[in-house]
Every structure is written in C-alpha cells, then in structure tokens.
Amino acid sequence: MQKSILVTGGAGYIGSHAVLALKDNGWNPVVIDNLVTGFRGAVPQDVPFVEGNIADHDLVSATIKKYNIIAAMHFAGSVVVPESVSDPLKYYYNNTANTRSLLESIIKNEVRHFIFSSTAATYGIPETTPVHEDMPKIPINPYGTSKLMTEYMLADVAAAHDFNYCALRYFNVAGADPKGRTGQSTAGATHLIKVAVEAALGKRDSISIFGTDYDTEDGTGVRDYIHVSDLAAAHVIALEKLIDSPEDSHILNCGYGHGFSVTQVLDAVDRVTNNKLVRNLEPRRAGDPDALISDNSKIKQRFGWTPQYDDLNLIVKHALAWEQRLIENPIA
Ligand code: UDP
C-alpha cells in the first residue's frame, strides 16, 4: 500500500499550500480538517479528505491505518495573537491540548515523523534581532506560549519514543500560491498583508496602523514576511530529512532574515496597485513586539533551503491576485 502524509489543517491557509507542495514533490497527502476556519474547496479533489477533529482518537487512528500514514504535518490550530490575549483558553485548548491528543494517536499508531507549525511568537521580545533559535523563549502572548508548550511536549515525546520531529518557527507568513491554486481565504482577517490587500480591493474602507511609537526606524512594527510557498517547500524538505535521519529532530526559524515596517508594507501595496490606501494611525495592539526578524542560517545550512520568493512586491502581488480571485469566485 502506498505511504501517505497526514496534513492536519490541510484546508487552511498554510496547510493547503503544504498539500500542493507535497503533491508537486510526489508525496501523497491526506487531509484532516474540522472546517472551522478551513475550506473544503482549498483541498484538491484527488486528495483524501477527512472532516473531523484532530483530538478524536478513533477518527485519527482509523485515518492513519486506512491511508498508511508514515508522517504528519500539523497545521491545525488558532493563529490570531490579539484573540489569544482575550481568549487564552481557546489557544491552550486548540493549540496545546489538542496537539497532545493528536500526539497520543500518532505514538499509539507508530507514526514516526512529525512536523509542527511553531512560531516566532515563542521568542516574545527578543534581546537582539535577528533572532537565533537558541535565544531565550519568553512569549508575551498566549499564542506564543501555547506553541512553546507544544515544542516542549515534542522534545519529551522524541526522547521517550521512536519518533523525531521538526518544529518550524514561522515568522510572518503572507502571499499565495504563485499558480493561483490556493491562498488565504478565512474571513475576518487580522494579518497585515491580507488586511491591506482587502482594503486595496475595496473590501475595507481603510487600514489601521497599530502603533507609531515603536523602537524602529519609522516607529511602526517590523516583521519578517515570508512567502507561504517558500514555507511550504521547507516542510517538504523537513519531511525528507526526518525520514532520512530518524535520530535527528530540528527546531528551525522560517523567515528571510530581513524585515519590513508596517509603513513599508503598505507602501509596497500602494506601489503594486498604483493607488493609495487610506491609513489610520492607531494605538499599539496588545501583545505586539517592536521588531521580529529571523536568523535563518540554521535552516539554510541544515536543509539547504533556498527561498524562491524573497521579494515583498511579489508577495503582495500574489496575495492580491488571490484576493481578486476570491471576489470573482468565492471559495466554499
Ligand atoms: N498591523 C497593523 N495593522 C493591521 C494588522 C497588523 O498595523 O491591520 C501590524 C501589527 O501591529 C504588527 C504587524 O502589522 O506590527 C504584523 O501584524 P500581523 O497581525 O500581520 O502578524 P503578527 O506579527 O501579529 O503575527
């Protein structure tokens, strides 16, 4: 029977790009998604799709057996930093407790490789930037803590069982599939580039700049924006490394190693659309650090990962193209 890769949250933004990257590289993804924020239409028709919860042991075990799952990529979870501040228990449930349940099913069914969507929010406010993997992890919001707790679980599970993992600490993920096959579709977006392209296409009247008094060059927050397809490619490399070297686990930053301020991002959107967004200057948002930029030397050296889309204009263009497509042909 052919081997398959379980993709939790495969109907979501990053998961659906990983499904395409797996297929493009000859792997067989199988998606499990509860469709709370994901879309059935984001998963290609020829990819097996299981609707349900990752904490449902019977369902996950049956799926692992049915499809001969040898590894899992775990994207399912909640991702909005300000929401994690106002509703922390949702984050400890969806991100930490549910991952614990999933891991139990993974270990019981002898799935040996696991790739985890971690986050730069595990670092909190870094002492220096760019931030290296070994620097202190002191999250300043429940989102970051909920993911860091999962990293701890993974390390303990890998020490106890025949199992290895790769935790990829994502910086700010943006853009969409260059071929227009999938993109960020969830309503009520809060992430900067998504919100900005919505505003550029008239779905919003204006865009808020949260904080103009940060300790950065122009006073607005600085982030390391990484194209979602480069991130998806890193997952496929991680999968292959975990299989090739089953003794080794990895914790790696995923970013480009340089950042842009909110103002620079909005300028890029204006350039690409040849228009001017209406910008409202507003107070800082809860839980936001000044600047978050990756040191990506480890993933480059260990995995030979080479970004293909390290270009802010291109990220904005792809995000915009997907937003346009959503207007013409809403996803369900
Ligand atoms: N941001 C903003 N306006 C928005 C959304 C975000 O000014 O409508 C800022 C936010 O304060 C931060 C940066 O853009 O400095 C990136 O925020 P986002 O929510 O995209 O990602 P996060 O870094 O919080 O994961």
The condition of being within 11 Å of the ligand (Cβ to nearest atom), under 20 Å from the mean Cα position of the chain (by Cα) and at pLDDT 95 or above holds, among Ala189, Ala196, Ala233, Ala291, only for Ala196
Scanning the range 204-222 for residues that are exposed (fewer than 15 other Cβ atoms within 10 Å of the Cβ) and within 13 Å of the ligand (Cβ to nearest atom) gives Asp205, Ser206, Asp213, Asp215, Asp218
Inside the range 182-215, the number of residues satisfying the requirement of being in contact with a Pro (Cβ under 7 Å, 6 or more places away or on another chain) and under 12 Å from Ala319 (Cβ atoms) is 0
Of the residues in the range 44-55 that are farther than 14 Å from Pro29 by Cβ and out of contact with any Ser or Thr (no Cβ under 8 Å at 6 or more places or on another chain), the one that is nearest to the ligand (Cβ to nearest atom) is Asn53
When Pro130 is run through (1) within 16 Å of the ligand (Cβ to nearest atom); (2) in contact (Cβ under 8 Å) with a residue 40 or more places away in the chain; (3) surrounded by 19 or more Cβ atoms within 10 Å (Cβ to Cβ); (4) farther than 23 Å from Val228 by Cα, the failure sits at (4)
_Asp218 - would you say it is of a type in the set (D, E, K, R), part of a loop (DSSP other than H, G, I, E, B) and over 16 Å from Leu312 (Cβ atoms)?_
no
*Please work out if Asp162 is at pLDDT 95 or above and part of a loop (DSSP other than H, G, I, E, B).*
yes
Query raised in the report: Within the range 268-285, is there a residue that is within 16 Å of the ligand (Cβ to nearest atom), in contact (Cβ under 8 Å) with a residue 12 or more places away in the chain and under 30 Å from Ala72 (Cβ atoms)?
Result: no
Has the range 168-178 got any residue that is crowded, with 17+ Cβ neighbours inside 10 Å, more than 20 Å from His17 (Cβ to Cβ) and more than 16 Å from the ligand (Cβ to nearest atom)?
no
When the range 212-260 is checked residue by residue, the ones that are polar (S, T, N, Q) and under 20 Å from His17 (Cα atoms) are Ser229, Asn253
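The values are calculated or read from the model by the stated rules, or taken from the named source; none is laboratory data. Quick caveat: nothing in here was measured; it's all calculated off a predicted structure. With ideal geometry, Cβ positions are generated from the backbone for all residues, glycine too; neighbour counts draw on all protein chains shown.
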